[in-house]
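Engineer: A single structure is presented below for examination.
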Amino acid sequence: MDESKNIKNVPQQVVIDGDNLIAGRLSSRVAKLLLSGKNVTIINCEKIMLSGNRNSIIREYKEYLKISSIINPKHGPFHSRRPDTIMKKMIRGMLPKNKASGKNSLKRLRTYVGSPTHTKKIKKIKLDKTDTTKPIMSYTSMLELGKNIGQSQ
């Protein structure tokens, strides 16, 4: 199916339920929606799945968290530990960095842990080829990643 035709058929305000969706595939589809001018809201970010070996995902993210400033760690970089901010940064990485289109697109993105009350009335859409295909035990949820890397509550 031609993906450019699918984007044109999507409404201006898009709400995506992240329950059992694969993070990388979801991020790329959302980046295309944002670049086409849509407002995108992702709910239930804690239920989004990461594919791969659970232990290696957690180990690699812990190594990523060790990256800090040589001069003083309070100067950054600051790494996210919550599922909604991790997803926002994943999508930001798929948008153009130094163009106005990328910066404006990121302003139209909202990510939430759980389901806020203002999104309950809006119809949720399902994106093509973003569902998990293997048994759920083969994936790591964002909530589990957050708990293992020190997410504050």
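Engineer: Give me the lysines in straight-line cross-link reach of K74: C-alpha distance below 27 Å, same-chain residues under 8 apart excluded.
Structural biologist: Within the straight-line limit of under 27 Å, K74 reaches these lysines: K62, K66, K88, K89, K97, K103, K107, K147.
Engineer: Follow-up. Only bridges with both residues in the stretch 1-139 count here: give the DSSP antiparallel percent, nearest 5.
Structural biologist: Numbers: 2 of 13 bridges.
Within the stretch 1-139, antiparallel bridges account for around 15 percent of the total.
Engineer: Same structure, new question: Keeping every protein chain in place, order S56, S27 by accessible area at 1.4 Å, biggest value first, i.e. largest first.
Structural biologist: Largest accessible area first, the list is S56, S27.
Engineer: Taking a ≥ b ≥ c as the square roots of the Cα gyration tensor eigenvalues, with a/c under 1.5 meaning rounded and otherwise prolate when a/b beats b/c, else oblate, which class fits the stretch 38-134?
Structural biologist: Details: a/c = 1.92, a/b = 1.33, b/c = 1.44.
Verdict is oblate for the stretch 38-134.
Engineer: Starting from the Cα of D131, step 7 Å along the direction of its Cβ; do the same at D19; then give the gap between the two resulting points in nm.
Structural biologist: In this crude label model, D131 to D19 measures out at 1.3 nm.
Engineer: Please report, as a whole percent, how much of the solvent-accessible surface of the chain comes from carbon and sulfur atoms (probe radius 1.4 Å). Please list the in-between numbers first.
Structural biologist: Working: 4950 of 9420 Å².
Of all accessible area on the chain, carbon and sulfur atoms account for 53 percent.
Engineer: Moving to a separate point now. Evaluate the distance, in nm, between pseudo-label points positioned 7 Å from the Cα of T117 and of L65 along their respective Cα→Cβ axes.
Structural biologist: Each label point is offset 7 Å from its Cα along the Cβ direction, giving 3.3 nm.
Engineer: Right, another one. State in Å² the accessible area per residue of the chain; use a 1.4 Å probe, count heavy atoms of protein chains only, and round to the nearest integer. All intermediate terms of the calculation are to be shown ahead of the outcome.
Structural biologist: Numbers: 9420 Å² over 153 residues.
In whole numbers, the chain has 62 Å² accessible per residue.
The values are calculated or read from the model by the stated rules, or taken from the named source; none is laboratory data. Quick caveat, the model's predicted, so the values are computed rather than measured. A quick note on method: Cβ atoms are made from the backbone with ideal geometry, for glycine too, and the neighbour counts reach across all protein chains shown. With ligands, DNA and RNA removed, areas are computed over all heavy atoms of the protein, side chains included. Shrake-Rupley method; radii C 1.70, N 1.55, O 1.52, S 1.80 Å.
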